[in-house]
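The values are calculated or read from the model by the stated rules, or taken from the named source; none is laboratory data. In this text, all values refer to a predicted model and were calculated from it rather than measured experimentally. Reconstructed Cβ throughout: ideal geometry from the backbone, glycine too, with neighbour counts over all protein chains shown.
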Amino acid sequence: MHHETVLTSYGLSLIPLAQEHAHALYDFVDATMWAGMAAPLPATAPELRALLEAKISDPASLAFAVTDQRTGAILGTTALNAFDAGQQRAEVGGTFFGRQFWGTHVNPASKYALLAFAFEVLRVQRVAFRCDARNLRSAAAIERLGATFEGVLRSHRTAPDGTRADSAVFSILQPEWLCVQRGLQDRLAPFAQECDAPGNRAGALAGSRPGTPTYGRRTFAAL
């Protein structure tokens, strides 16, 4: 959906995804890094722009561009998908980063921001993750976040090449969040910024819980 939520975490700012981000994000796209994505590989920046607009227009999705908080440079994109306020659940997806940021703190820090927002502001009870079961790199990254592997959905979707693909499913439940949160804080401690200090928490959260999935302009600092 179109939204105005900004999340900050360990030197990153997650800002509302916009069509204008397509050019910078397209610089990161190649066939290998796109492998396992549900959407076809975009051959041009305008094709990626169309994919971004579909994501932005999805009423159950909050999509973000991940940026460097200091320079504003775009590092990648990620999203909370399939948000269902009534069922108190959401799914993390639509993530890709430039290769130069693989293996850095960018992925766990951005996921930390999404998880903190989902559990502490949206008050969901479950956050799910899915990846192509063949994508061992993505599966390992999800497990490193602290998510629990639930199983494989066989022949779950049609891959862009027309074949049938299995999906590996992971989740974090609300009672598990505190433990996962502490693990991520320990992992990200070397990248802590002044805005990540616990003293900023009350102000960031005050009045932020929405009753319906509509948002005003605000910044949420993941702590």
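Descriptive notes on the structure:
- Pair list, Cβ under 6 Å, 6 or more apart: the range 81-105 residue of a type in the set (K, R), other residue buried (at least 18 other Cβ atoms within 10 Å of the Cβ) and not in a strand (DSSP E or B): R89/V124
- Taken over the range 8-29, the criterion of being in contact (Cβ under 8 Å) with a residue 40 or more places away in the chain and acidic (D, E) is satisfied by D27 alone.
- Scanning the range 108-140 for residues that are over 18 Å from A189 (Cα atoms) and aliphatic (A, V, I, L, M) yields A118, V121, L122, V124, V127, A128, A133, L136, A139, A140.
- Residues located in the range 20-46, provided they are farther than 13 Å from R99 by Cα, modelled with pLDDT of 90 or more and in contact with a Pro (Cβ under 7 Å, 6 or more places away or on another chain): L41
- Output for the range 53-67, where each listed residue is in contact (Cβ under 8 Å) with a residue 12 or more places away in the chain and out of contact with any Ser or Thr (no Cβ under 8 Å at 6 or more places or on another chain): E53, I56, S57, D58, P59, A60, S61
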